[in-house]
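Have a look at the structure below, then the notes.
Quick note: the coordinates plus some simple rules give every number you see, no bench work behind them. Keep in mind it's a predicted model, so treat the numbers as computed, not measured. We place every Cβ from the backbone using ideal geometry, glycine too, and count neighbours over all the protein chains shown.
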Amino acid sequence: EPEVTQTPSHQVTQMGQEVILRCVPISNHLYFYWYRQILGQKVEFLVSFYNNEISEKSEIFDDQFSVERPDGSNFTLKIRSTKLEDSAMYFCASTRDTQETQYFGPGTRLLVL
Amino acid sequence: EDQVTQSPEALRLQEGESSSLNCSYTVSGLRGLFWYRQDPGKGPEFLFTLYSAGEEKEKERLKATLTKKESFLHITAPKPEDSATYLCAVLENRDDKIIFGKGTRLHILP
C-alpha cells in the first residue's frame, strides 16, 4: 500500500539554524500539506500546496517558513532561522483530491536547542 | 473557541468492555469528518471518512457514525492493541485544511 514518507525521523538543531524537512507524498496525489504537533497538543495546520504554489497557510506559517516541490516526488518544508518554540513533530500529508482523505507521514521530530 | 471538541479526554476500559468516543463540531459547512488513530511518536493513521449525516462506516471492532453536530466512534469488545489516541478532524467547505480535535487517549487493560 502506498504511503507518505518523511526524512529525517529526528532532527536536532541549534536556535537560529536553518532546517529542511523532507517528504515524499503518495505518487498520484496532487495536494500536499504540512502540519505540526507540539508535544501534548493537537495537530495544527501549517500550509497547503497545489500546482506548485501555496493555496492556503495558517498564521503560524510566517516568513521563516517556506515550502517547495523541487522535483516530481519531494515536498520540503524549510525553517530559515529556527526558534525554541519550533520544537515539535512535523507531519506531511497528501491527498488526490481535496474532497478525499489526507494521508499522513510518520513525522519528523524537530528539537531546537 | 474550539471548532472540534472530543470527549472524554482519556478513557480506560477493560478488555472486552465496549464504549463510544464523541466528537462534536461547529463548522459553517462540513465537507468531511475524519477519524484517525495516533500511536505515541507516530503520524495519524487514517481510519474513516464520513461525509453526510446518517452515514456509518465499520472496520473490525470500530464503527463511526455521523450526525449534523457530532460523530461517534464506537469500539466493540476492544483489545489491548486498540490502545491509542483517537483523533477526530473536520474539513470545512471554505478551505482545504483539516481542523483536529485534541483527541481521546484510549487505554485498554488486559
Quiz prompt | Top of B:Gly43, B:Gly32, B:Gly16 by mean-square fluctuation, Gaussian network on chain B, Cα under 10 Å | solution = B:Gly43
Self-check item: Alpha-carbon spread of the range B:4-109, three principal axes, descending order, Å
Solution: 41, 30, 20
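Taking every DSSP beta bridge with both residues inside the protein assembly as shown, roughly what % is antiparallel (nearest 5)? Present the calculation step by step, with values, prior to reporting the outcome.
Numbers: 72 of 81 bridges.
That works out to approximately 90 percent antiparallel.
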Quiz item: By average Cβ neighbour count within 10 Å, what is the ranking of A:86-95, A:20-29 from highest down?
Solution: A:86-95, A:20-29
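Please compute the average number of Cβ atoms from other chains found within 10 Å of each residue's Cβ in peptide B:35-44. Write down the numbers at each step before the final one.
Numbers: counts 0, 5, 0, 5, 0, 0, 6, 6, 17, 11.
Average per residue, whole number: 5.
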Quiz item: GNM, chain A, Cα, under 10 Å: largest mean-square fluctuation among A:Arg96, A:Arg36, A:Arg69?
Solution: A:Arg96
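Under a Cβ-only charge scheme (Lys and Arg +1, Asp and Glu -1), can you give me the dipole magnitude of chain A about the Cα centre, in debye to the nearest 20? Walk me through the numbers before you get to the answer.
On the way: 10 positive and 15 negative charges, 58 e Å.
It works out to roughly 280 debye.
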Practice problem: Report, for the range B:4-109, the % of DSSP beta bridges that are antiparallel, rounded to 5. | Solution: 90
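Residues of B:92-99, mean number of Cβ from any other protein chain within 10 Å of their own Cβ, rounded to a whole number?
Numbers: counts 0, 0, 1, 5, 12, 13, 11, 4.
Average neighbour count from other chains, rounded to a whole number: 6.
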Quiz item: Taking chain B as a Gaussian network, where each spring joins two C-alpha atoms under 10 Å apart, which residue of B:Glu60, B:Glu17, B:Glu92 fluctuates the most?
Solution: B:Glu60
Self-check item: Residues whose placed amide H lies under 5 Å from that of A:Ser55, excluding near-sequence neighbours
Solution: A:Ser48, A:Phe49, A:Tyr50
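What whole-number volume per residue, in cubic angstrom, does the convex hull of the C-alpha atoms of the range A:5-112 give?
Details: hull volume 10.3 nm³, N = 108.
It is 95 Å³ per residue.
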Quiz item: Could you give the distance between the Cα centres of the range B:46-76 and the range A:40-81, to the whole Å?
Solution: 30
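Let me confirm one metric for peptide A:98-106, namely the mean number of other chain beta-carbon atoms within 10 Å of its residues' beta-carbons.
Averaged over the peptide's residues, the number is 6.
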